1. Quick check: is even one residue across segment 87-99 of a type outside the set (A, V, I, L, M), at pLDDT 85 or above, touching a helix residue (DSSP H, G or I) at 6+ places or on another chain (Cβ under 6 Å) and on the phi < 0 side of the Ramachandran plot?
2. D121 passes all but one of (1) under 23 Å from I21 (Cβ atoms); (2) modelled with pLDDT under 80; (3) not basic (K, R); which number fails?
3. Would you mind listing the helices (runs of 4 or more DSSP H) fully within segment 51-130 where at least 2 residues are surrounded by fewer than 16 Cβ atoms within 10 Å (Cβ to Cβ) and in contact with a Phe, Trp or Tyr (Cβ under 9 Å, 6 or more places away or on another chain)?
4. If you check S102 against the conditions, is it touching a helix residue (DSSP H, G or I) at 6+ places or on another chain (Cβ under 9 Å), modelled with pLDDT under 85 and closer than 22 Å to A146 by Cα?
5. I'm told L12 meets every condition in (1) surrounded by 12 or more Cβ atoms within 10 Å (Cβ to Cβ); (2) modelled with pLDDT of 80 or more; (3) not in a loop (DSSP other than H, G, I, E, B) except one. Can you identify the failing condition by its number?
Amino acid sequence: MSRFRRGPSTSLLERVLQRRIVEVLEAWGVKIDVTRANVSARGVGRNDAAKGFPDLVGCLPWGQYLAIEVKRTGEKLRPDQAAWILEAARRSEWALLVVADSLEELTPLQAMVAQWRNRPDESASAFMVYHRARWQPLRDQALELAAIVQAKQDEKVVRPRRPVQPKPEPRRAGMPEDLFTGGGAR
């Protein structure tokens, strides 16, 4: 028997979804790479990338950078993932950042790839500007999720602590209190 238990059966679903996303994107002509930044809470696994780096990174046919963080349904971004997404958005307003929990999340992307194939002579920058209405909601959703996680993380750090109450001095058994306070009968 292995020293390490397998995670919950739902953890397999993220890997399966990741594999399907890669297959679909490659079928659309998108160059995509899987990063091995997935390390369990116990530190078991392989880590080729910095903490928070997305699961999938690639380049769309027209040259736009693509980063996809794959999540199981209902799973939230970790603070390091949120920080990475926000930093990537700060550095490039054109990076397409996606948090995907299903293949349906990529439907706008599929429509863009199909249109790019129909207009190969169009410049990449004109194409990105023209189709911003399609890819911007995906990016905005990722940024919104990341901002929520980041705000919760900041709230934890800034939250003030309760003031420490001074402890009363212990009374010594069998001794009159006024002997210790300086008063008393003479």
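1. No - not one qualifying residue is present in segment 87-99.
2. Against the list (1) under 23 Å from I21 (Cβ atoms); (2) modelled with pLDDT under 80; (3) not basic (K, R), D121 comes up short only on (1).
3. 107-118, 124-130
4. no
5. Among (1) surrounded by 12 or more Cβ atoms within 10 Å (Cβ to Cβ); (2) modelled with pLDDT of 80 or more; (3) not in a loop (DSSP other than H, G, I, E, B), the lone unmet condition for L12 is (2).
The values are calculated or read from the model by the stated rules, or taken from the named source; none is laboratory data. In this text, all values refer to a predicted model and were calculated from it rather than measured experimentally. Because the Cβ atoms are built from the backbone with ideal geometry, glycine has one as well, and the counts that use them run over all protein chains shown.
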